[in-house]
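What follows is a single structure, written as structure tokens, with notes after it.
Bear in mind that the values in this text are calculations on the coordinates, not laboratory data. Keep in mind the model is a prediction, meaning the values are calculated, not measured. Heads up, the Cβs are rebuilt from the backbone with ideal geometry, glycines too, and the neighbour counts pull from every protein chain shown.
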């Protein structure tokens, strides 16, 4: 996690009260959890990068911000396999974690919660 991400998270926790417990639902290699009313954070499960091996490529499947359930969300290539993660929810992407794409070789070193992909305003 970058310095700025840690700083912003600390400030949010300071002024926002207790952080929400991390108890996500899982579907087909992604986890998702409501982080505030009407906003769902979607990330990748540990199992995905364990199955793929060393990840050599990750990119968002589409620049489009509108999502339907089962739309392609993220394309990944690893030493063992190629995978396309799908959206578990319908809504509009409001934030993309582009920093994660730049650190694909470090995924196994991050906590599951830090491996988030997008925040989606649900429909």
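Quick notes
- Placing a label point 7 Å from the Cα of residue 71 along the Cα-to-Cβ direction, the residues of region 88-122 with a backbone N closer than 18 Å are 88-98, 117-122.
- For region 25-122, the Kirkwood hydrodynamic radius comes to 13.2 Å, computed from all pairs of different C-alpha atoms.
- Fully extended contour minus Cα-Cα distance, from residue 94 to residue 64, at 0.36 nm per residue: 9.7 nm
- Proxy reagent accessibility, fewest Cβ within 10 Å first, across 44, 58: 58, 44
- With each label modelled as a point 7 angstrom along the Cα→C-beta vector, the residue 123-residue 26 pair spans 2.8 nm.
- Highest-fluctuation residue, 54, 46, 64 considered, GNM on the chain with Cα pairs under 10 Å: 64
- Comparing 33, 113, 103 in a Gaussian network model of the chain where C-alpha atoms under 10 Å apart are linked, the largest mean-square fluctuation is found at 103.
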